[in-house]
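Worksheet: one structure, shown below.
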């Protein structure tokens, strides 16, 4: 996949900007707070319909403006698509997403049109934080290549929210009506099976790729990095039947707690180094290498599953790696269109063709300057998508 054009209007500190990125590496350097990450965030919006760093959309709208818009022209397998996202500061209003100038009704319609992998220093939480961070990593990866999985995930979450709400309403009732719970449990069973089976399949591929990538980046053959999927239904012969049974067996305890205590929403991605829990035993350097390996393995897995290389977004990760690891990283990304942010352009030594931009902020407005004139980009006319 190649992004041929990136358009921003009133997006964070960008008033009106159009980029025609290089098919290889695009490097953005500048002071912290200048707007480098905002470019990557706009790409993420166009890939997944949401930001990688905030839960709401309001802060993405430039201060004082009534809307923000970002869009990409992307080429995949010889086919060109246009993806546009419009955001408004009013929390009650929904975002509008256009695919080839037509408004989509479901988020699932945009999944896979632009596949991207983003890595930022916060992603060290893949090792350090709790299971929800790793589940989100898996869900975002699989959803980009499997719309059925994304739909199952939405259906399961909807059923889970309703079951939990019913459990809380039933607490204190001496004669609770479990018949209503059974309705939601039956509805959740099918999506749960899709989620578990697809996670098992993908994690098997991911573990192999992550182990190879870890050895390549670290240069240490003696360190064995492994990823394994932990689920109560991991060895189940019939996930739907077992899910309904577990829900039934857990009703009394779930009623006492007011939450659903078992299911795919409780699963985890176990990460180990030489068969020891990384969260407990790994050094800071090993944690950084493992997090980067998982992201690069995600990149390779998406390519294998879809047949197209995804776009890679690296947000200020060079400061987290020593020179040797940076060099190994460069060798891994040579075949992918990559967008990199850093504070100093010398943080990354690249022999391949690239575009280098200096990003600055003047009176709160982001400015871009191409610093390697040998690779001049086109200056296309800005055309705002029709969101009416």
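Values computed for the structure shown
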quantity	calculated
Selection status of residue 273, under 22 Å from residue 212 (Cβ atoms) and within 21 Å of the chain's Cα centre (by Cα)	no
Within segment 25-48, tally of residues that are assigned to a loop (DSSP other than H, G, I, E, B) and either crowded, with 21+ Cβ neighbours inside 10 Å or in contact with a strand residue (DSSP E or B) (Cβ under 6 Å, 6 or more places away or on another chain) (or both)	3
Qualifying residue in segment 280-299 (condition: modelled with pLDDT of 95 or more and under 19 Å from the mean Cα position of the chain (by Cα))	no
Some residue of segment 341-355 being at pLDDT 90 or above and buried (at least 19 other Cβ atoms within 10 Å of the Cβ)	yes
Qualifying residue in segment 195-217 (condition: touching a helix residue (DSSP H, G or I) at 6+ places or on another chain (Cβ under 9 Å), part of a loop (DSSP other than H, G, I, E, B) and touching a residue at least 12 places away in the same chain (Cβ under 8 Å))	no
Output for segment 97-109, where each listed residue is modelled with pLDDT of 90 or more and crowded, with 17+ Cβ neighbours inside 10 Å	97, 98
Residue among 247, 278 that is closer than 30 Å to residue 181 by Cα, touching a helix residue (DSSP H, G or I) at 6+ places or on another chain (Cβ under 8 Å) and crowded, with 21+ Cβ neighbours inside 10 Å	247
Residue 225, sole failed condition from (1) touching a residue at least 60 places away in the same chain (Cβ under 8 Å); (2) closer than 21 Å to residue 197 by Cβ; (3) under 27 Å from the mean Cα position of the chain (by Cα)	(2)
Selection status of residue 296, in contact with a helix residue (DSSP H, G or I) (Cβ under 6 Å, 6 or more places away or on another chain), in a helix (DSSP H, G or I), in the same structural domain as residue 129 (by TED's automatic domain parsing) and farther than 19 Å from residue 165 by Cβ	yes
Residue in segment 80-102 that is under 21 Å from residue 358 (Cα atoms), more than 20 Å from the chain's Cα centre (by Cα) and assigned to a strand (DSSP E or B) present	no
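Each row is one residue, and each column tells you yes or no for (1) modelled with pLDDT of 95 or more; (2) within 25 Å of the chain's Cα centre (by Cα).
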residue	(1), (2)
152	yes, yes
175	no, no
191	yes, yes
199	yes, yes
202	yes, yes
234	no, yes
237	no, no
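Condition check ((1) crowded, with 16+ Cβ neighbours inside 10 Å; (2) under 17 Å from residue 6 (Cβ atoms); (3) touching a residue at least 40 places away in the same chain (Cβ under 8 Å)) across all residues:
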{"site": "71", "(1), (2), (3)": "yes, yes, yes"}
{"site": "80", "(1), (2), (3)": "no, yes, yes"}
{"site": "116", "(1), (2), (3)": "yes, yes, yes"}
{"site": "120", "(1), (2), (3)": "yes, no, yes"}
{"site": "135", "(1), (2), (3)": "yes, no, yes"}
{"site": "141", "(1), (2), (3)": "yes, no, yes"}
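The values are calculated or read from the model by the stated rules, or taken from the named source; none is laboratory data. Values in this document were obtained by computation on a predicted structure and should not be read as measured data. When we count neighbours, we look across all protein chains shown, and the Cβ atoms used for this are built from the backbone with ideal geometry, even at glycine.
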